[in-house]
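Rule-based calculations on the coordinates, nothing more; no lab input. Every value quoted in this text rests on a predicted model; they were computed, and no experiment measured them. Cβ placement follows ideal geometry from the backbone for every residue including glycine, while neighbour counts extend to all protein chains displayed.
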Amino acid sequence: MSEQTPGGFFSEVREADGSLDATARVVDPATSDDERVVEAALRPRRLSEFPGQPRVRQQLGLVLEAARRRGSPPDHVLLSGPPGLGKTTLAMIVAAELERPLRVTSGPAIQHAGDLAAVLSSLDEGEVLFLDEIHRMSRSAEEMLYLAMEDFRVDVVVGKGPGATAIPLELPPFTVVGATTRAGLLPAPLRDRFGFTGHLDFYDVADLVTILHRSAGLLGVEADADGVHEIAGRSRGTPRIANRLLRRVRDWAQVHGEGRVDQHAAREALALFDVDQAGLDRLDRAVLEALCRRFGGGPVGLSTLAVAVGEESDTVETVAEPYLVREGYILRTPRGRAATAAAWRHLGLPVPAHQAFQGALPIEDEGPGRFGT
């Protein structure tokens, strides 16, 4: 069973073979690497301190306050959205607001129903169970979780074959907080068992500025408004990226500057780390370069595009594409990926006539693209 450290930080635990430990014990920050400790220290501890996401914050606050007044655990909570927007932070805030312990594990760590049964059977009444990447749980574990979330019991199967028997195990009331970057992969029976679903969207620059000023204060870094705004504008609407860039600008300022995060330090540091004015990094620009220079703007299949930039298809699809699509640099069509007029302009290239209207392409043909599937 987990023990909470004075700092209250939780993290994944890996076995000697690299696999995740489903019991997910609490990790003492003193034993963690510096980067993880810094990220944990920058997390808000209360809902009132959580910047951005006003709709989700208000809805979740209502759910938690009503549960406190009833004196019972709140409904199960599902948080969805791209990586780095605060799903783990909100899970920790739920436990803090309820003043209950937090147990942390993840979908990849639960590959068998027995793994989940071990975690559930050790929960105390009112405890919060955080399941990160819940969409990656095994099917057998999902089916056990259905019953546990709805009836607070699990059936432990003893023996095999005709002599196997199911022993019902009653569980104390608890709250599941699930986090996923791909809510569409969750089976409907599992989604339906969450009483509250919150979708986190990308942050605007003003919210990121607020986050960066708070983080700079916690890090003991002197930062002016222009420097913070420069970082916020290149952070892709993601607090995790904003805080990471702030630490890199701090490093540059301490080594090459005057120790102050100003606009000059921000521009020089971000140029050094290949983050351009629009927040695009090396991989993003490689995707645009391949689309425009090698494939004439597309459409081109994902696998072919991934080979062209020297990355796995999953990396291109989950890391680069969401931001490029959201910002209007590429299109995902039935025939493949295609560059828009904005992509050509960002690279300083003349926009072809057939893409002059924001990259509009004929997409009625649902066959493969010109360059693969």
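Using 0.36 nm per residue and subtracting the Cα-Cα separation, the extra length available between L185 and D151 on full extension is 9.9 nm. On the beta carbon distance between R139 and R332, with R0 = 35 Å, the FRET formula returns roughly 0.80. Place a label point 7 angstrom from the Cα of L169 along the Cα-to-Cβ direction, then list the residues of the stretch 96-120 whose backbone nitrogen is under 12 Å away. Within reach of a label on L169: 113-120.
Given Cβ point charges of +1 (Lys, Arg) and -1 (Asp, Glu) and nothing else, what value in debye, to the nearest 20, does the dipole of the stretch 29-199 about its Cα centre take?
Working: 19 positive and 22 negative charges, 88 e Å.
Using Cβ point charges on Lys, Arg, Asp and Glu, the stretch 29-199 gives about 420 debye.
Cβ crowding within 10 Å ranks V228, V205 as V205, V228, fewest other Cβ atoms first. Relative contact order, whole percent, for the stretch 282-355 stands at 32, derived from Cα pairs under 8 Å and 6 or more residues apart.
Taking 0.36 nm per residue of sequence separation and removing the Cα-Cα distance, the R214/V307 pair yields an extension gain of 29.4 nm. Net charge in the neighbourhood of D201 (other residues with Cβ under 15 Å of its Cβ; Lys, Arg +1, Asp, Glu -1) is +3. Counting every other Cβ atom within 10 Å of each residue's Cβ, Y203, Y323 order from fewest to most as Y323, Y203.
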